[in-house]
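Scroll down for the structure; my scribbles are underneath it.
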Amino acid sequence: AKSAGRNTMRFFDPALQAIASAFIAFELDLRHGLERQEFELHYQVQVNSVGAVTGVEALLRWRRGGTEMVPPVQFIPIAEANGLILPLGQWVLETACAQLVAWSQDPQRAHWTMAVNVSALQFAQIDFVEHVGQALQKTGAKPTQLKLELTESMLVDDIEGVVAKMKAIKGYGVAFSLDDFGTGYSSLSILKRLPLQQLKIDQSFVRDILVDPNDAVIARTIVALAHNLDLRVIAEGVESAEQRDFLAAIGCDAFQGYFFGRPVPAADLN
Ligand code: C2E
Ligand code: CA
Ligand code: CA
Ligand code: CA
């Protein structure tokens, strides 16, 4: 590439040019995807220690151009970088809340909880508390059935601000789960101050839990830590009965993973 003025770069390499064009097209499609209603939520069940479904986690899906299914790992980082995650995240929150209301008519699902992933940028918004309130108000969803999944990385700076925000949202009746627990770097003193209800053991520890003693020790430690802090523990990425049994034996309170069900559209849940 050769510099062609202060703010422009000209690509003379056709391969680089193609990559740049593809990226720009991807970003444009992402922006238009929201208007064109190409996003949908899939739901994955969460079960308790006796195997009863207690709720679901909402997982975002993008049907780019109405056909190709793009996984969240491919578009969420870009949506975070260009800010699109803000309207998209609000859409997720409202759609998930609307789904709770739809289920309120179904005796089998009326008491399910809905776990919603929150991005760092979304949580950092000054008016995030109001946004959560708006989603609840607009849909009429019961706040006590909503659970927000945060990750450790978004809780490290401005801990006072984080705690205040979480307390305000908890004031509505909404619960918090700390996602991917063990992969971040939150200190115990921070953990103690956060108004959390649940820790979620990351699937990277669950995957080899039966064969890797280190993973088993980490899982045990997370369960002990959580229970000492009076929090519940859910394990994600549970793919087999053996993993479920092991996790149950070490005191895990709830489970989620392909063993119980893959994320599917609401209509396909059974
Ligand atoms: P996550 O929150 O840790 O979600 C768990 C991921 O593991 C999901 O991938 C889920 O489909 C997958 N999974 C569930 N059970 C199993 C299992 O038994 N084995 C294996 N190998 N995987 C399992 P997915 O849906 O591709 O989502 C990836 C990530 O994208 C999520 O990780 C989350 O960080 C992010 N994400 C998804 N939806 C949203 C959203 O609405 N908002 C935000 N901000 N992020 C989202
Ligand atoms: Ca999650
Ligand atoms: Ca997770
Ligand atoms: Ca994860």
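Numerical summary
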{"read-out": "Selected residue (criterion: farthest from ligand 2 (Cβ to nearest atom)) from residues of segment 177-193 that are among the hydrophobic types (A, V, I, L, M, F, W, C) and under 23 Å from residue 250 (Cβ atoms)", "value": "188"}
{"read-out": "Residues (of a type in the set (S, T, N, Q), farther than 24 Å from residue 101 by Cβ and open to solvent by less than 20 Å² (accessible area, probe 1.4 Å)) located in segment 236-270", "value": "243"}
{"read-out": "Near pairs, Cβ below 6 angstrom, 6+ apart or cross-chain, from segment 214-242 (on the phi > 0 side of the Ramachandran plot and within 16 Å of ligand 4 (Cβ to nearest atom)) to any residue that is of a type outside the set (Ser, Thr, Tyr) and open to solvent by 50 Å² or more (accessible area, probe 1.4 Å)", "value": "237/203"}
{"read-out": "Scan of segment 16-75 for residues that are open to solvent by 60 Å² or more (accessible area, probe 1.4 Å), within 19 Å of the chain's Cα centre (by Cα) and farther than 30 Å from residue 104 by Cα, ordered by number", "value": "73, 74"}
{"read-out": "Enumeration of residues in segment 231-270 that are under 24 Å from residue 176 (Cβ atoms), within 16 Å of the chain's Cα centre (by Cα) and among the hydrophobic types (A, V, I, L, M, F, W, C)", "value": "233, 234, 235, 255"}
{"read-out": "Condition broken by residue 45, with the remaining ones in (1) within 14 Å of residue 149 (Cβ to Cβ); (2) touching a Gly at 6+ places or on another chain (Cβ under 6 Å); (3) touching a residue at least 60 places away in the same chain (Cβ under 8 Å) satisfied", "value": "(1)"}
{"read-out": "Selected residue (only one of 251, 184 is within 15 Å of ligand 4 (Cβ to nearest atom) and either modelled with pLDDT of 95 or more or assigned to a loop (DSSP other than H, G, I, E, B) (or both))", "value": "184"}
{"read-out": "Filter result for residue 126 (assigned to a loop (DSSP other than H, G, I, E, B) and either crowded, with 20+ Cβ neighbours inside 10 Å or of a type in the set (A, V, I, L, M, F, W, C) (or both))", "value": "yes"}
{"read-out": "Candidate set: segment 175-195, residues that are within 16 Å of ligand 1 (Cβ to nearest atom) and of a type outside the set (Gly, Ala, Ser); chosen: the one farthest from residue 96 (Cα to Cα)", "value": "183"}
{"read-out": "Subset of segment 187-222 that is assigned to a loop (DSSP other than H, G, I, E, B) and more than 16 Å from ligand 3 (Cβ to nearest atom) - its residue that is most open to solvent (accessible area, probe 1.4 Å)", "value": "211"}
{"read-out": "Residue check, residue 127 free of Cβ contacts under 8 Å to residues at least 12 places away in the same chain and of a type outside the set (A, V, I, L, M, F, W, C)", "value": "yes"}
{"read-out": "Any hit, segment 167-180, residues being of a type in the set (Ser, Thr, Tyr) and in a helix (DSSP H, G or I)", "value": "yes"}
{"read-out": "Residue identified as at pLDDT below 95 and surrounded by 13 or more Cβ atoms within 10 Å (Cβ to Cβ) among 178, 136, 155", "value": "155"}
{"read-out": "Condition broken by residue 74, with the remaining ones in (1) in contact (Cβ under 8 Å) with a residue 24 or more places away in the chain; (2) more than 21 Å from residue 176 (Cβ to Cβ) satisfied", "value": "(1)"}
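The values are calculated or read from the model by the stated rules, or taken from the named source; none is laboratory data. In this text the structure is predicted, and so the values were computed from the model without any measurement. For neighbour counting, all protein chains shown are included, and Cβ atoms are generated from backbone atoms with ideal geometry for every residue, glycine included. For the accessible areas, the whole protein counts, side chains as well, though only heavy atoms, and no ligand, DNA or RNA atoms are used. Shrake-Rupley method; radii C 1.70, N 1.55, O 1.52, S 1.80 Å.
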